[in-house]
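So the structure is just underneath, and the comments pick up after that.
The values are calculated or read from the model by the stated rules, or taken from the named source; none is laboratory data. Note that the structure is a prediction, hence the values are computed from the model and not measured. Every residue, glycine as well, gets a Cβ built from its backbone with ideal geometry; the counts of neighbours run over all protein chains shown. Keep in mind that these areas ignore ligands, DNA and RNA; they rest on the heavy atoms of the full protein, side chains included. Shrake-Rupley method; radii C 1.70, N 1.55, O 1.52, S 1.80 Å.
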Amino acid sequence: MTNNQIIIILFGILYFAFIIYTRRKGDFEEYSVANRGLGSFVIFASICASYLGPGWTLGLTRNGFNNGMFMAFIAPIMGIAIIIFALFLAPKIRRKFTNCYSIGDIVGGQLSHNHPVVIIMAGTMVLLSLSALVVAMSYAGGELINNVFGFSKFWSIFIITTIVMLYSLFGGIRATIQTDVIQFLHFAILIPILAVLIVINDGFSWENYNQLAMEQTQVAFEGSSVSVIFGLFLVFFTISGYDTPIVSRYLASKNDNVAKSATLWSGIFIFVWTVLMIFIGTTGAYLYPEMANNDQVLLHIAQNHFPGILYGIFIIAMIGVVMSSQDTFLNNAGVSFAQDILPRIVPSVSNKKKLFYSKAYTVFIALVAIVVANFVDSALEVALIILDYYANVMLAVTVFSIVKKKHYWQSAVLSMAAGFLLKLGWDYFGSEEIPSIFIGISSSFCAYLVTDFYFDQKTKKSKNKK
């Protein structure tokens, strides 16, 4: 057994000891929103850790390896979107939805559209997206375990997913967020160190690197149509700030000021982070052009620059990146099932039963992910596909749930249906000149506004008759 393997095993033992030590037994309120009492730094670190999963680390590095700095002109818009959301919408969510537990509560609960059909539609979309993202995280985690221990793909995926599932079950969202802080500190320190080690390496030349990076970037731009670039821009701009993991952090925060400041700083951090990961990928193409084109590009670069035991610590940080996202998705999926779907089937279900079924669904989706992840080839591609559809269905209804005072449930239903169906139809039958995400999101907003206008007029006429 190598030193790195020993370090990782010891880290795993200490990790579980920390989880057990900090664990709090409690009801569904504690398990899902940590009794709404967490502070700014913890929320900030958790948002960053849950966002910067393998898609935005391993995936963006691989993209930089292939396409130069192409994505650096697109991906950082995700950070800008989070900043905008922090300034205008995050504090409103925390103030308005003080007793909510999930996205289904927010878009379909008593304080917004107030209808079970809306809750079921939103909950189903959330469960599908989270379940798919759990699969992507299982695949990425398996890549890391395979790199370190050399286990087969199946057993690598099984080990990482089982570990994350167990500690997610132990302490709910509080354990998830507390461990996110440790994971965030690991990679927030080590990734910048890796970038510095790369540029001070004797074999690195800024002049030669810039030439190669510019050539790769130009080729990527020339090979991408305006429609593709616009579509990617829309995906990154519309997937952030209102998705289930970040909303769960708003709901777990102490107050609206905590939600606002934590989200604002996380947006700034994520903006810088995406550029840094793409830069590291381009340096890999310059220094190690013979490397295989897969999601282990970042690991190969780190192995060549981190001396000895430091590489083992880096692998721990990368495993933390995967775990911080996967445990969030597992917890959120369980909470969404218990809060949004189960009460529609069993209306009288108690909070105690919700806690049980939330954990049961966490186990179920983890087992499904272990099997399905064996057929995945890229964490970034899976994440983008799922988040693409999530934006088309959920963006409009979430925004209107937050900012409007009067709601019609029919507006939400038609909006979600229009966003999904027109996006899907355009993917298969529409022109490639117009990105399908533009069609889906614009249709979703238009359907909502038109339906809302119709019911507003109908309500006014009814009042006038009286």
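Structure values in brief
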{"quantity": "Residue among Ala213, Ala259, Ala195 that alone is over 30 Å from Lys423 (Cα atoms), touching a strand residue (DSSP E or B) at 6+ places or on another chain (Cβ under 8 Å) and among the hydrophobic types (A, V, I, L, M, F, W, C)", "calculated": "Ala259"}
{"quantity": "Residue, surrounded by the fewest Cβ atoms within 10 Å (Cβ to Cβ), within the range 23-49, restricted to residues that are closer than 26 Å to Leu144 by Cα and in contact with a Phe, Trp or Tyr (Cβ under 8 Å, 6 or more places away or on another chain)", "calculated": "Phe44"}
{"quantity": "Test: residue in the range 206-222 that is within 30 Å of Ser32 (Cβ to Cβ), of a type in the set (Asp, Glu), in a helix (DSSP H, G or I) and modelled with pLDDT of 90 or more", "calculated": "no"}
{"quantity": "Residue check for Val376: modelled with pLDDT of 95 or more, in contact with a helix residue (DSSP H, G or I) (Cβ under 6 Å, 6 or more places away or on another chain) and under 29 Å from Gly334 (Cβ atoms)", "calculated": "no"}
{"quantity": "Checklist (1) more than 28 Å from Leu232 (Cβ to Cβ); (2) crowded, with 17+ Cβ neighbours inside 10 Å applied to Ala333, failing item", "calculated": "(1)"}
{"quantity": "Pairs, first within 18 Å of Met125 (Cα to Cα) in the range 370-395, second modelled with pLDDT under 75 and open to solvent by less than 10 Å² (accessible area, probe 1.4 Å), C-beta under 7 Å, six or more apart", "calculated": "Ala383/Gly55"}
{"quantity": "Candidates Val372, Val393, Val349, filtered to the one that is of a type in the set (A, V, I, L, M) and buried (at least 23 other Cβ atoms within 10 Å of the Cβ)", "calculated": "Val393"}
{"quantity": "Which numbered condition Ile309 fails, given (1) more than 30 Å from Ser156 (Cα to Cα); (2) of a type in the set (Val, Ile, Thr); (3) open to solvent by 10 Å² or more (accessible area, probe 1.4 Å)", "calculated": "(1)"}
